[in-house]
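K.L.:
Structure provided below as structure tokens; questions to follow.
Only the coordinates and a few stated rules stand behind these numbers; no lab work does. These numbers were taken from a predicted model, which means no experiment stands behind them. Here the Cβ positions follow ideal geometry from the backbone for every residue, glycine too, while neighbour counts run over all protein chains shown.
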Amino acid sequence: MPSSQTGELNTYPALDVRGQFDLVIAMADDFRATAVEERGDIIRVFFGITADRDGARAAIEPHFPVAPIDVPDEDWARRSQEGLQPVTIGRLTIVPDPQSSNSDVQSAVRVVIRPSMGFGTGHHASTRLCLEALLALDVTGKRVLDVGTGSGVLAIVASRLGASRALGIDSDEDAIRAARENLAYNSEATNLSFAVADVSTMQGAVQRLLGQADIVTANLTGALLVRSAGCLLGATACDGVLVISGVQIPERDQVVAAFAPSQVISERGADEWVALVMKRA
Ligand code: SAH
């Protein structure tokens with residue numbers, strides 16, 4: 001949960017640091033940094049709780065100029081909307097409300113995703129298909145990149161399924177803000193960060209924050225997947241796996257062709273949507 005409340009206004013504990021990116025991230029990671037944003041020559045690092053932020057500050061201060069900041073969440077009121085029903089997929093349940101009682105949710109993996117905080121509550125067919133695909137893969141110990149993370153749902157679930165590290169990127173700043181907020185509601189999700197980046201220019205950020213991904217999830221659109229196939233394959237380790245969705249049935253063959261010679265290893269459909277699991281050639 002965001003760490004502090006001042007009346008209606010929630011804030012995120014963060015640090016603004018002027019320093020060498022890799023070193024700052026390495027130090028911040030020891031204090032469970034949840035996200036990082038490059039703002040000109042300032043690196044803004046977010047934390048789930050103030051105690052972690054303060055710990056990181058003490059660690060970074062001897063090396064680089066650092067200032068604590070509480071970043072206001074101006075969208076809080078809009079987002080505090082009525083809850084949706086939980087969604088259960090196999091051993092996973094996505095609940096809309098951090099307060100929802102545990103008693104009626106017996107799932108092995110329980111993830112909180114607030115409604116109307118970025119696209120992806122688990123209710124959309126293409127999100128569900130991606131979640132099913134993730135549940136069927138062995139995520140344990142894998143590095144997972146979630147492109148177009150929206151609410152952060154796939155990245156947070158990947159982390160809960162045992163990913164060694166997960167990174168969610170989205171070109172929409174509001175989505176990344178929502179994903180970070182959702183991350184704060186899921187304290188068991190670790191080794192996970194979010195960054196604002198476009199799929200076409202994400203390479204640098206992905207290399208810095210994750211390295212090659214063993215699993216890439218991309219629930220985008222057919223047209224964007226076709227355009228971005230090269231970037232997505234470039235981010236995937238040899239023998240890595242891509243979970244791609246947001247594809248409509250008529251777009252399916254064109255999307256598969258764009259990822260050739262990678263092969264489809266499994267496929268799921270619901271309504272007019274298709275999700276493909278492909279092995280990088
Ligand atoms: N991953 C979530 C959300 C999918 S919605 C889920 O599975 O439910 C698609 C997301 O892709 C949106 O949040 C949108 O902002 C993002 N997106 C669209 N175009 C993008 C681009 N060019 N680069 C990165 N993200 C993009």
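K.L.:
Could you tell me how many degrees, from 0 to 90 and to the nearest 10, lie between the Cα long axis of helix 125-136 and the main elongation axis, the longest principal axis, of the Cα atoms of the chain?
P.N.:
With rounding to tens, the tilt is 90 degrees.
K.L.:
Another question about this same structure. Using each residue's phi in segment 196-209, evaluate 6.51 cos²θ - 1.76 cosθ + 1.60 at θ = phi - 60° and report the 3J(HN,Hα) Karplus result to the nearest Hz, with x for Gly and Pro.
P.N.:
Running phi through 6.51 cos²θ - 1.76 cosθ + 1.60 with θ = phi - 60° gives 7, 6, 8, 4, 6, 10, 7, 3, x, 4, 5, 4, 5, 8 Hz.
K.L.:
Can you give me the angle between helix 50-60 and the longest principal axis of the chain, using Cα atoms only, in degrees from 0 to 90, rounded to the nearest 10?
P.N.:
Between the helix axis and the principal axis of the chain, the angle is about 80 degrees.
K.L.:
While we're looking at this one, here's another question. Nearest 10 degrees is fine. How inclined is helix 173-184 to the longest principal axis of the chain, computing both from alpha carbons?
P.N.:
With rounding to tens, the tilt is 80 degrees.
K.L.:
Once phi is turned into ³J(HN,Hα) by the Karplus curve 6.51 cos²θ - 1.76 cosθ + 1.60 with θ = phi - 60°, what whole-Hz value does each residue of segment 270-275 show in order, with x for glycine and proline?
P.N.:
Here the 3J(HN,Hα) series is 7, 6, 9, 9, 10, 10 Hz.
K.L.:
Let a ≥ b ≥ c be the square roots of the eigenvalues of the Cα gyration tensor of the chain; is it rounded (a/c under 1.5), or, if not, prolate (a/b larger than b/c) or oblate?
P.N.:
Details: a/c = 1.92, a/b = 1.32, b/c = 1.45.
Because a/c hits 1.5 or more and a/b fails to exceed b/c, the chain counts as oblate.
K.L.:
OK, next. Of the peptides 89-96, 39-46, 240-247, 137-144, how do they stack up when ordered by the mean number of other Cβ atoms within 10 Å, highest first?
P.N.:
By packing density, highest mean first, the sequence is 240-247, 89-96, 137-144, 39-46.
K.L.:
Would you grab the residues whose amide H sits under 5 Å from the one on ALA213? Only those 5+ places off in sequence or on another chain, please, with H modelled 1.01 Å from N.
P.N.:
THR236, ALA237
K.L.:
Further question on the same structure: In Å³ and rounded to a whole number, note down the convex hull volume per residue for the Cα atoms of segment 171-281.
P.N.:
117
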